[in-house]
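The values are calculated or read from the model by the stated rules, or taken from the named source; none is laboratory data. On a predicted model such as this, the values are computed, not experimentally measured, just so you know. Cβ atoms come from the backbone with ideal geometry, glycine included; neighbour counts cover every protein chain shown. Quick note on the areas: whole protein, heavy atoms, side chains included, nothing else; ligands and nucleic acids left out. Shrake-Rupley method; radii C 1.70, N 1.55, O 1.52, S 1.80 Å.
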Protein chains: 2
Amino acid sequence: MIELQDIQAAAARLKEIIVETPLLVSSELDRIVGGQILLKPECLQRTGSFKIRGAYNMMCQMTPEQAACGVVAWSSGNHAQGVAAAGGLLGIKTTIVMPEDAPKAKIANTRRLGGEVVLYDRYNDDREAIARRIATESGAVLVPSYEERKIIEGQGTAGLEIMQQSAAMGVTPDQVIICCGGGGLSAGCATAIRAISPRTDVYLVEPVEFDDTLRSMQSGERVRNARSARSICDALQTETPGKMTFAINQKLASGVLTVTDEEVAEAMRFVFRHLKLVVEPGGAVALAAVLAKKIVVKDTVTAVVLSGGNVDAELFGSIQSGA
Amino acid sequence: MIELQDIQAAAARLKEIIVETPLLVSSELDRIVGGQILLKPECLQRTGSFKIRGAYNMMCQMTPEQAACGVVAWSSGNHAQGVAAAGGLLGIKTTIVMPEDAPKAKIANTRRLGGEVVLYDRYNDDREAIARRIATESGAVLVPSYEERKIIEGQGTAGLEIMQQSAAMGVTPDQVIICCGGGGLSAGCATAIRAISPRTDVYLVEPVEFDDTLRSMQSGERVRNARSARSICDALQTETPGKMTFAINQKLASGVLTVTDEEVAEAMRFVFRHLKLVVEPGGAVALAAVLAKKIVVKDTVTAVVLSGGNVDAELFGSIQSGA
């Protein structure tokens, strides 16, 4: 099991590398929901999402021999950029397998950060098989997007910061709301949060057609999403929870909420109008759950993670004009 | 003259009211420009711009008799929202004279914050005359948007924070770049900045057709912009510098830069793509000057104020898709 001290050690490794994103408050948001909301805008993180936390934490611990062979990863885009940026900082060659319908900005940024991008068909190809073949042929180390303890520990530093920053503000969150794709961010954050404050609830949020973690929690074993599942949240389209991440989330999370594409779009419009932040669909699900009243936040202190902001201008524009 | 201690006193009045906006860094921005840029995102400020700093600082010092009569102000939108929000917090009735072509979001937000909005024609009516008539008829106190020392002192708290926050990061800015409309923000910030660090240069930035402060500095006396002047920056369309603000800026600023609408649009696209912040045209001029190489930032520490983020979704979308 991952302990608080593992996440603290990851935070020490990341200290000079990542942005300590601020914990933002909005009196207008608080007035609307009737509670105190603390926003963790990981869209302001280096590479535009939290993903560099885990990628760098794993890759900086590779041996020189491993580093010399490079790394390979698969990702819809945010992990891709995190891995590419970490590779650039550490001098490690990175190859990223990305779906051909990933947001153009994510593909372009991954290349700009020095990553070699291999595209695949999200609905017909097996990205894992492609990545494993590259790893076998080149000797590259696979950097998983969530099912790896060093990745989970790195992502958990966001949760550690939430607790440290809220303590500096003189409050302890009653609950923390976090998006859930493969479950790495939520598992890492939940570990840090509940070790520091056992009374703080952690809630996960999934797109309604990608509710694999919700159904897995209900059935007690990991289930898969339908191949036909669709969501505006490209960052959260995982097939099934990770074994390790699910074990942690099952133990530490108080519940799983789901949101529709329209609720996500409404949250993105709210963030544009009132918070002046650019949040991508997958990055907006936690706030969407709050605004759509999927959880009671009245008279509580609730921390909400805005996990990323890598969205194409065209999609962003069409969502903003869709109100 | 306004002294540092006046701005410190304003900061104490504003402590529980405003957001201490963070000083953000972006390794990607730094890499592109070859220097260290510290961004002060006042778009994240309550009401979406710095304007509540000055409005609240003035209005909280009104006598109960004055407060009972309410206040009146004219504004293209950001000062309007600052005054309306301050009025809501202090229980003071606010009437705001706004141009009928102001961004819809600014008009709607001013009303939502409790302000009574009176619209006028920007190119034919005299907003000052309309506001003075309201003041005469109702006994309301006029809250100027810049030509008033309590307003300047309030806006200066943003500059004070820049110096405090950069000091906490272990650096002192070599230069600070600030937008200039009427000159209240720049005059207040320059006062704080240069009192704390006399070696730090302050540069002002204007839209190219609204270069009244630049030409006033060159000629040594306050000049007006042409009635025909146009700019995408609705927040910076002032006719002429204030007498008090010009005297301060003339003494403390090292120079004035100008930017075109296209340079502003490019900065807004950069901010969307790389910084994940929503900045309005007037809020982007200081960064536009940096990105368009109007000033040398290589190998220096440069603080840049992003002064506001109140932009309509339609304009924002068309700028983003205009690359």
Other copies of B:G322: label-to-label distances in nm, shortest first, labels 7 Å along the beta-carbon direction: 2.5
Starting from a label point 7 Å past Cα on the Cβ side, list the distances from A:P64 to the same position in the other copies, nm, shortest first. 7.7
Amide H proximity to B:V304 below 5 Å, modelled H, separation 5+ or other chain, gives B:L38, B:L39, B:K40, B:I177
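With a 1.4 Å probe and every protein chain kept in, tell me what percent of the accessible surface of the stretch A:159-292 is carbon plus sulfur.
Details: 2140 of 4390 Å².
Of all accessible area on the stretch A:159-292, carbon and sulfur atoms account for 49 percent.
Please identify the trypsin sites (Lys or Arg not before Pro) of the stretch B:218-257 that satisfy two criteria: DSSP loop assignment and at most 16 other Cβ atoms within 10 Å. Which are they?
Sites meeting the loop and neighbour criteria: B:R224, B:R227, B:R230.
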Under a GNM of chain B (C-alpha, springs under 10 Å), which listed residue has the highest mean-square fluctuation: B:E16, B:E147, B:E206? B:E16
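Taking Cα pairs under 8 Å and at least six residues apart, what relative contact order does the stretch B:219-302 come out at, in percent?
Working: 62 pairs, mean separation 23.6, N = 84.
With pairs under 8 Å counted, the relative contact order is 28 percent.
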Where is the GNM fluctuation largest for chain A (alpha-carbon springs, 10 angstrom cutoff): A:Y56, A:Y146, A:Y123? A:Y123
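Using every Cα-Cα pair within the stretch A:156-309, state what percent have a distance larger than 26 Å.
On the way: 2302 of 11781 pairs.
Within the stretch A:156-309, distances greater than 26 Å cover 20 percent of Cα pairs.
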Give me, ordered by chain and number, the residues 5 or more places off B:V205 or on other chains with an amide H under 5 Å from its own placed amide H. B:I178, B:C179, B:C180, B:L257
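With the full set of protein chains in place, find how many percent of the accessible area of the stretch B:52-142 is carbon and sulfur; take the probe as 1.4 Å. The partial results should precede the final answer.
Values: 1870 of 3670 Å².
Whole-percent figure for carbon plus sulfur exposure: 51.
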With a 1.4 Å probe, what is the total accessible area buried between chains A and B, in Å² rounded to the nearest 100? 2200 Å²
With every protein chain left in place and a probe of 1.4 Å, what is the accessible surface of B:K40, to the nearest 10 Å²? 0 Å²
Given label points at 7 Å from Cα along Cα→Cβ, what nm distances, shortest first, separate B:K251 from the same residue in every other copy? 6.5
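Could you give the size of the charge dipole of the stretch A:116-264 about its Cα centre, using +1 on the Cβ of each K and R and -1 on the Cβ of each D and E, expressed in debye and rounded to the nearest 20? Could you put the intermediate results ahead of the total?
Numbers: 15 positive and 22 negative charges, 113 e Å.
With only Lys, Arg, Asp and Glu charged at Cβ, the dipole is about 540 debye.
Provide the percentage of antiparallel DSSP beta bridges, counting only those with both residues in the protein assembly as shown; round to the nearest 5.
Details: 5 of 65 bridges.
Expressed as a percentage, antiparallel bridges in the protein assembly as shown total about 10.
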Karplus-derived 3J(HN,Hα) from phi for the stretch B:34-46 (6.51 cos²θ - 1.76 cosθ + 1.60, θ = phi - 60°), whole Hz, x at Gly and Pro, runs x, x, 9, 9, 10, 9, 9, x, 6, 5, 8, 5, 3
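Hey, what did the stretch B:52-142 get for relative contact order, percent, Cα under 8 Å, at least 6 apart?
Working: 162 pairs, mean separation 29.1, N = 91.
Reported relative contact order: 32 percent.
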Any chance you could get the radius of gyration and Dmax over the Cα atoms of the stretch B:183-262, in Å? 12.5, 40
In what sequence, largest accessible area first, do A:M1, A:M169 appear using a 1.4 Å probe? A:M1, A:M169
Of B:L39, B:L142, which has the most accessible area and how do the rest follow, probe 1.4 Å? B:L142, B:L39
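Above 24 angstrom, tally the Cα pairs of the stretch B:1-95 and express them as a % of all pairs, no decimals. Intermediate results must be reported in sequence, preceding the final value.
Working: 1527 of 4465 pairs.
Value for the stretch B:1-95 (Cα pairs over 24 Å): 34 percent.
What average count of beta carbons from other chains do you get within 10 Å of the Cβ of residues in A:269-279?
On the way: counts 1, 0, 1, 6, 10, 4, 6, 17, 8, 8, 1.
What the average comes to for A:269-279 is 6.
Using only helices, what value at 222 nm comes out for the protein assembly as shown when you add -39,500 (n - 2.57) per DSSP H run of length 4 or more and divide by the total residues, to the nearest 500 deg cm²/dmol? Walk me through the intermediate numbers first.
On the way: 28 runs with 286 residues, N = 646.
It comes out at -13000 deg cm²/dmol, rounded to the nearest 500.
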Could you work out the relative contact order of chain B? I mean the mean sequence separation of Cα pairs under 8 Å and 6+ apart, divided by the number of residues, in percent. 22 percent
Over all alpha-carbon pairs in the stretch B:253-323, figure out the percentage whose distance exceeds 20 Å. 25 percent
So what J values fall out for the stretch B:70-80 if you push phi through Karplus, 6.51 cos²θ - 1.76 cosθ + 1.60 with θ = phi - 60°, rounded to Hz, Gly and Pro as x? x, 10, 9, 8, 10, 5, 7, x, 7, 4, 4
Which log10 I(q)/I(0) values, to two decimals, does chain B give at q = 0.09, 0.10, 0.12, 0.13 Å⁻¹ under the Debye formula with one point per Cα? -0.40, -0.50, -0.74, -0.88
Taking amide H atoms as placed 1.01 Å from N in the peptide plane, list the residues 5 or more away in sequence, or in a different chain, whose amide H sits under 5 Å from that of A:L142. A:V72
Rounded, prolate or oblate: which one fits the stretch B:52-142, using the alpha carbon gyration tensor with axes a ≥ b ≥ c (rounded when a/c is under 1.5, else prolate when a/b beats b/c, else oblate)? oblate
Averaged over residues of B:306-314, the number of beta carbons from other chains lying within 10 Å of each residue's Cβ is 3
Using a 1.4 Å probe and ignoring any ligands, DNA or RNA, find the accessible area of B:H274 and quote it in Å² to the nearest 10. 40 Å²
Please give the charge dipole size of the stretch B:57-141, origin at the Cα centre, charges +1 on K and R Cβ atoms and -1 on D and E Cβ atoms. Round to the nearest 20 debye. 280 debye
Quick one: Karplus J couplings for the stretch A:298-308, per residue in order, coefficients 6.51, -1.76, 1.60, θ = phi - 60°, nearest Hz, x for Gly and Pro? 4, 6, 10, 9, 10, 8, 10, 8, 9, 7, x
Would you kindly find the accessible area of A:T63, with a 1.4 Å probe and non-protein molecules such as ligands, DNA and RNA excluded, rounding to the nearest 10 Å²? 60 Å²
What shape does the stretch B:145-188 have by the C-alpha gyration tensor, where a ≥ b ≥ c are the square roots of the eigenvalues, rounded means a/c under 1.5, and otherwise prolate means a/b greater than b/c and oblate the rest? oblate
What's the average, rounded to a whole number, of partner chain beta-carbon atoms within 10 Å of each residue's beta-carbon in A:23-31? 3
Going through B:K51/B:K106; A:K104/A:K294; A:K150/A:K251 one by one, the pairs whose alpha carbons sit over 23 Å apart turn out to be A:K104/A:K294
By accessible area of protein heavy atoms, probe 1.4 Å, what ranking do A:V208, B:V83 get, highest first? A:V208, B:V83
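Per residue, what accessible area does the protein assembly as shown have, given a 1.4 Å probe and all protein chains present, in Å²? Provide the component values of the computation, followed by the final result.
On the way: 23410 Å² over 646 residues.
Result: 36 Å² of accessible area for each residue.
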Placing one equal point scatterer on each C-alpha of the protein assembly as shown and summing with Debye, one gets log10 I(q)/I(0) at q = 0.06 Å⁻¹ equal to -0.33
Using a Gaussian network for chain B with springs between C-alpha atoms less than 10 Å apart, which of these wobbles most: B:L23, B:L44, B:L275? B:L275
